[in-house]
Structure formats: C-alpha cells, structure tokens
C-alpha cells in the first residue's frame, strides 16, 4: 500500500465509491440482461406458436 499521507482518507473514499459504483453497474447489467433474455424467449415462443 503506497503512503498517501494526509490524502489517504480522500483517496480511499474515492476508491470505495468507484468500486461501489462499478458493482452497482455490473449488478444492474446482469439483471437487465436476465429481463431482456426472458422477454426475447417469450417473443420467440409467441412467434413459433403463431407460425
């Protein structure tokens, strides 16, 4: 760990905020992908049923 001196709190808070935002984006993307995949499957089923 590099010596950050008087800026340690600020730098560590920025790292924590960045990691938190990255995690939120990943989770949001995974949930959105699951939702879109489900919608696509429903549309495909409807199209195959209707001929």
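Computed from the coordinates by the stated procedures, all read-outs in this text should not be read as laboratory data. Because the structure is a prediction, the values reported are computed rather than measured.
For this structure, a couple of remarks:
- What the Cα atoms of the chain give is an Rg and a Dmax of 21.5, 69 Å.
- Rounded tilt (10° steps) of 8-50 against the dominant C-alpha axis of the chain: 0
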